[in-house]
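Participant: Okay, handing you the structure first.
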Amino acid sequence: MIGKCVVKEEKGYMHKSHSYFGEKFSFTHSYDKQPPDSLDNRHCHDVYEILYVMEGVGRFIVEGTSFDIKAGTLMRIRPFEYHSLEIDSQQPYERYVIHFSLSSLVDDAVNLFLKFMENTDGSSGKIYIPGTLSQNVLPLLERFGTIETLPRSEGELYARMLMSELILFL
């Protein structure tokens, strides 16, 4: 596991980020006090992505479909789906982002995850997690931050367990 903490302050813009990168997944928790209107250009990944919004509002565009996002929004993005983000720069923006391959899940969680990814129209998309459920998701996401304290092999195993637990919860 490789852990990285970044804090940048420039011209009233503050960005804090904690990232962890393993062989089969990456995890980032980021906070922008005053985010730029557009954080990422249109891009895609060769792995799945889950974005969970803790704070902020904006639009997340996946394959041309626009989704309004706010605190409690969870976005599901499949490999090779192009996506981008537009954020209201007048409000802080905090999020958790996890990139992973199916091999980072324990076997029993793979089929559950694939069902979780299904939409009636076959696309990825948004799930809104109301406040009561959000209170349960946050401690689980925060546990990803402890991975870097473990030896590499234990960290990889713990990451698989956490990923599978997150899928079972959702």
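Participant: For segment 33-83: of the residues being in a strand (DSSP E or B) and open to solvent by 60 Å² or more (accessible area, probe 1.4 Å), which is modelled with the lowest pLDDT?
Facilitator: ASP40
Participant: Out of ASN136, ASN119, ASN111, which single residue is at pLDDT below 80, exposed (fewer than 15 other Cβ atoms within 10 Å of the Cβ) and farther than 21 Å from HIS29 by Cβ?
Facilitator: Details: ASN136 fails: farther than 21 Å from HIS29 by Cβ; ASN111 fails: at pLDDT below 80.
Exactly one residue qualifies, and that residue is ASN119.
Participant: From the list SER26, SER30, pick out the single residue that is over 22 Å from SER164 (Cβ atoms), under 13 Å from the mean Cα position of the chain (by Cα) and open to solvent by less than 50 Å² (accessible area, probe 1.4 Å).
Facilitator: Of SER26, SER30, the one residue that is over 22 Å from SER164 (Cβ atoms), under 13 Å from the mean Cα position of the chain (by Cα) and open to solvent by less than 50 Å² (accessible area, probe 1.4 Å) is SER30.
Participant: Next question, about the same structure. Going through segment 95-108 one residue at a time, which ones are charged (D, E, K, R) and open to solvent by 40 Å² or more (accessible area, probe 1.4 Å)?
Facilitator: Passing the criteria: ASP107, ASP108.
The values are calculated or read from the model by the stated rules, or taken from the named source; none is laboratory data. These numbers come from a predicted model, not from an experiment. Methodologically, a virtual Cβ is constructed for each residue, glycine included, from the backbone with ideal geometry; neighbour enumeration extends over all protein chains shown. Just the protein is used for accessible areas: all its heavy atoms, side chains included, with ligands, DNA and RNA removed. Shrake-Rupley method; radii C 1.70, N 1.55, O 1.52, S 1.80 Å.
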